[in-house]
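Below: one structure, written as structure tokens.
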Ligand SMILES: Cc1cc2nc3c(=O)[nH]c(=O)nc-3n(C[C@H](O)[C@H](O)[C@H](O)COP(=O)(O)O)c2cc1C
């Protein structure tokens, strides 16, 4: 057992299924990943070393290496060369994909969470993903919850509404997520978003996830202002898309569950829209099993937002090995394999709701994706894009495999 290094006193397990940054291969899965035995802050400060990674890649890719050496190109030109390589292996007939009207090479993206800052965005941007979502930021700095922040749970398929799920002694494909949406200060993240946008390829999309921060004595309009201020700053820093998080199962204030109230959702989304103009706007929502409620939400947000991203996670309490509750008995968001079916079914439900309303809102499928079949399943359920979180953290090279497999089986 080890002590948390985030100041929290809760002991954390050393499960033996985590990789150190030095050991980069686990069960044949290569790549540097988030180290859940260490704090959020540590992972924020120790992103993968992209330059080193590129060096490793170029050792296996003499064509780029030779060109760089012979032409002495600048780093900007070097990036363009990588892009040409990437493009040469993408769909030669021209991409049929777009993300909210922006042409992209595939329907694959990374959901809000794993990309803690620009360095993480650039690392995964070099790994087969076309839409990168910068982890949710706020209008003021906020610390992360105490460790453990990621607790593996049993992979049993969830339906939503489970009273509890059980902790697992090793990471299969599902975990309870407990970060509490930490944020650096706006001064820091605004500069960092700008850096991320400037250094991603021009054919990649940077989406920035934002959330309002409820303060004592605030009503909905103050909260809406706070959401809109963050969205405005993100857009000003170069975000191609804004994603507003209307659902966080780990946060009990009203900003956590806004999506469950269509009128409040409309008010906040409209204020964001007013501040960001034509920048594409996505709302991230949680579990909604009821078709009527789904339809009301679509009706409220129609002509205000461009997309809905779902499902944030399924909320549940988590029991420890001895049967006691973790996280003080509070709910946490369960992510990964366990939520695939319920999230995919939700996309199908919302797709019918979109059709019923006659809305042009696009759906972004999120939840438990790690195979090509699952991507196809979301697409056939009505998603126009598929975003991943858990699987890219346990298997950083997954984007290469999925994008390649989607191309060859197109
Ligand atoms: C480590 C981690 C951090 C996350 N942080 C956020 C966040 O800051 N904002 C947000 O909207 N969703 C967050 N999520 C939820 C993901 O965006 C996604 O909705 C969820 O993980 C389901 O996808 P998955 O099954 O592929 O993990 C986080 C998820 C993970 C795993």
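The values are calculated or read from the model by the stated rules, or taken from the named source; none is laboratory data. Not measured: the values here are computed from a predicted model. Cβ sites come from the backbone with ideal geometry, for glycine too, and all protein chains shown count toward neighbours.
Numbers at a glance
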| quantity | calculated |
| --- | --- |
| Some residue of segment 270-287 being over 24 Å from residue 134 (Cα atoms) and away from the ligand (no atom under 16 Å from the Cβ) | no |
| Sole residue being touching a strand residue (DSSP E or B) at 6+ places or on another chain (Cβ under 9 Å) and surrounded by fewer than 22 Cβ atoms within 10 Å (Cβ to Cβ), chosen from 112, 146, 141 | 141 |
| Filter pass, residue 360 being in contact with a strand residue (DSSP E or B) (Cβ under 8 Å, 6 or more places away or on another chain) and more than 21 Å from residue 174 (Cβ to Cβ) | no |
| Odd one out for residue 157 among (1) within 18 Å of residue 314 (Cβ to Cβ); (2) modelled with pLDDT under 95; (3) touching a helix residue (DSSP H, G or I) at 6+ places or on another chain (Cβ under 7 Å) | (2) |
| Residue tally, condition surrounded by 24 or more Cβ atoms within 10 Å (Cβ to Cβ) and out of contact with any helix residue (DSSP H, G or I) (no Cβ under 7 Å at 6 or more places or on another chain), over segment 365-387 | 2 |
| Looking only at segment 117-132, and only at residues there that are in a loop (DSSP other than H, G, I, E, B) and over 14 Å from the mean Cα position of the chain (by Cα), the one that is farthest from residue 398 (Cα to Cα) | 126 |
| Among the candidates 332, 299, residue that is more than 9 Å from the ligand (Cβ to nearest atom) and in contact with a helix residue (DSSP H, G or I) (Cβ under 6 Å, 6 or more places away or on another chain) | 299 |
| Subset of segment 194-213 (residues that are part of a loop (DSSP other than H, G, I, E, B) and within 16 Å of the ligand (Cβ to nearest atom)) | 211, 212, 213 |
| In segment 99-116, the residues that are within 13 Å of the ligand (Cβ to nearest atom), in a loop (DSSP other than H, G, I, E, B), closer than 18 Å to residue 397 by Cβ and out of contact with any helix residue (DSSP H, G or I) (no Cβ under 6 Å at 6 or more places or on another chain) | 111 |
| Counted residues, segment 379-400 - those being part of a helix (DSSP H, G or I) and more than 13 Å from the ligand (Cβ to nearest atom) | 4 |
| Pair list, Cβ < 8 Å and 6+ apart or interchain, from segment 304-329 residues that are in contact (Cβ under 8 Å) with a residue 60 or more places away in the chain to residues that are in a helix (DSSP H, G or I) and surrounded by fewer than 18 Cβ atoms within 10 Å (Cβ to Cβ) | 317/329 |
| Flag if residue 191 is part of a helix (DSSP H, G or I) and under 19 Å from the mean Cα position of the chain (by Cα) | no |
